[in-house]
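Okay, so here's the structure we're looking at.
The values are calculated or read from the model by the stated rules, or taken from the named source; none is laboratory data. Please read all numbers here as calculations on a predicted model, not as lab measurements. Reconstructed Cβ throughout: ideal geometry from the backbone, glycine too, with neighbour counts over all protein chains shown. Heads up: the accessible areas ignore ligands, DNA and RNA and are worked out on the full protein's heavy atoms, side chains in. Shrake-Rupley method; radii C 1.70, N 1.55, O 1.52, S 1.80 Å.
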Amino acid sequence: MKGLYFQQSSTDEEITFVFQERENLLVTEDNFVKLQVKACALSQINTKLLAEMKMKKDFFPVGREIAGIVLDVGSKVSFFQPDDEVVGILPLDSEDPGFCEVVRVHEHYLVHKPEKVTWTEAAGTIRDGVRAYTALHYLSHLSAGKSVLIMDGASAFGTIAIQLAHHRGAKVISTACSLEDKQCLERFRPPIARVIDVSNGKVHVAESCLEETGGLGVDIVLDAGVRLYSKDDEPDVKLQLLPHKHDIITILGVGGHWITTEENLQLDPPDSHCLFLKGATVAFLNDEVWNLSNVQQGKYLCILKDVMEKLSTGVFRPQLDEPIPLYEAKVSMEAVQKNQGRKKQVVQF
């Protein structure tokens, strides 16, 4: 039985994906579940986080968002039984790769998969659903009537975040990075309040948002990265399309929440003072926080269950690419790690 692993170079800059033979799993013990994997989604691997958590290995398992059928349960498992259909996210320290026919996982990382949800939909939505809930529910307390700016809304994550915001009754504004993305966002139902096309670099996001909100600013900003320097000092063309941190601070209304994915955000004293005058807050979106804190396990399971419920009722309609076979997982993961492709890719077994 083969599984997909990655090996990091000595410089920690590049990683190599390899298939390796695995030993057959022994009888499942205690709170662990043996699972026949039916689908596993592809997501970027945060090697920097793994290094900070002292989790370096010669070969690290790949693939964490899985859906499958329970084959066997440990003696202390209380939530599942054989033949149950489940979905979940393997923890950071999992010994098993999701890109494998059979894995073992603790029952507290799994929830039941609704019958009408397909394997690929379940695996392809679970992680972005957790991120969206973390950002909009726990970090910014989104509610009906609030305005929210979601950057790069046509991405796999942006799509789910927009749908959750719409479901909560919020007014949604989003940015598009290409004409194709703009057309995708304009097809949303209910419609997005405003789609800001930033692909040509001429449209000013702050001006567009202030115009849409009557100069009041938005209640919540969920970024997809932020530019810390001026365009002249930023050599990366892709980063030049991102909003500057000053623009985001300008966009925020009184009591606003800025949810950032930029882990190295630098705020100068004038930036902090401006946020202070507005009574605004900055929160960092780290979807691994649920794996790093065992005391939040109950809330985490509630999120997983709610994501699946909204997927089964049609609230979440994920952007999924065509399913790919396991033997293509290595090449596909190399592309995903380089941030290539827009739709979520899922390996179907």
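Taking the longest Cα principal axis of the chain as reference, the axis of helix 156-167 is set at about 70 degrees. Can you classify the range 23-68 as rounded, prolate or oblate using the Cα gyration tensor, where a ≥ b ≥ c are the square roots of its eigenvalues, rounded means a/c under 1.5, and otherwise it's prolate if a/b beats b/c and oblate if not? Since a/c reaches 1.5 but b/c is at least a/b, the shape of the range 23-68 is classed as oblate. For the range 45-98, what class follows from the C-alpha gyration tensor (a ≥ b ≥ c being the square roots of its eigenvalues): rounded when a/c is under 1.5, otherwise prolate if a/b is larger than b/c, else oblate? Prolate is the answer for the range 45-98, as a/c is 1.5 or above and a/b outweighs b/c.
For the chain, a Gaussian network of Cα nodes joined below 10 Å ranks 63, 225, 124 by mean-square fluctuation, and the top entry is 225. Peptide packing: for 203-215, 142-154, the average count of neighbouring Cβ atoms within 10 Å per residue gives the ranking 142-154, 203-215, highest mean first. Mean residue ellipticity, 222 nm, helices only, the chain: the sum of -39500 (n - 2.57) across DSSP H runs of n ≥ 4, divided by residue count and rounded to 500, is -8000 deg cm²/dmol. Counting only residues 5 or more places away or on other chains, whose amide H sits under 5 Å from the amide H of residue 283 once H atoms are built in the peptide plane? Those lying under 5 Å, H to H, from residue 283 are 258, 259, 260.
For the chain, the relative contact order comes to 18 percent (Cα pairs under 8 Å, sequence separation of at least 6). The C-alpha atoms of the chain define a longest principal axis, and helix 297-312 lies at about 80 degrees to it.
Counting only Cβ charges, +1 for Lys and Arg and -1 for Asp and Glu, the dipole size of the range 144-284 around its Cα centre is about 600 debye. Here is the list for the range 261-333: GluC sites (Glu not before Pro) lying in DSSP coil, each with at most 12 other C-beta atoms within 10 angstrom of its C-beta, are 263. In the context of the full set of protein chains, residues of the range 1-119 present 51 Å² of accessible surface per residue (probe radius 1.4 Å, heavy atoms only).
Using R0 = 45 Å, the C-beta based FRET efficiency linking residue 313 and residue 54 works out to 0.65.
Secondary structure note: in the chain, about 60% of the DSSP beta bridges are antiparallel.
With all pairs of different C-alpha atoms in the average, the Kirkwood value for the hydrodynamic radius of the range 144-284 is 15.1 Å. Taking the accessible area of the chain, probe 1.4 Å, and keeping the other protein chains in place, the carbon and sulfur fraction comes to 50%.
Have a look at 51, 170, 329 and tell me which one the Gaussian network model of the chain (Cα, springs below 10 Å) gives the largest fluctuation. Answer for the Gaussian network model of the chain: 51. Over the range 144-284, accessible surface divided per residue gives 47 Å², non-protein components excluded, 1.4 Å probe.
A dipole drawn for the range 7-106 from +1 and -1 charges on Cβ atoms has a positive end, and of 18, 45, 86 the residue lying farthest that way is 45.
Rounded to the nearest 20 debye, the dipole magnitude of the chain is 800 debye, with +1 charges on Lys and Arg beta carbons, -1 on Asp and Glu beta carbons, and the Cα centre as origin.
Compared with the dominant Cα axis of the chain, that is its longest principal axis, helix 269-278 is turned about 80°.
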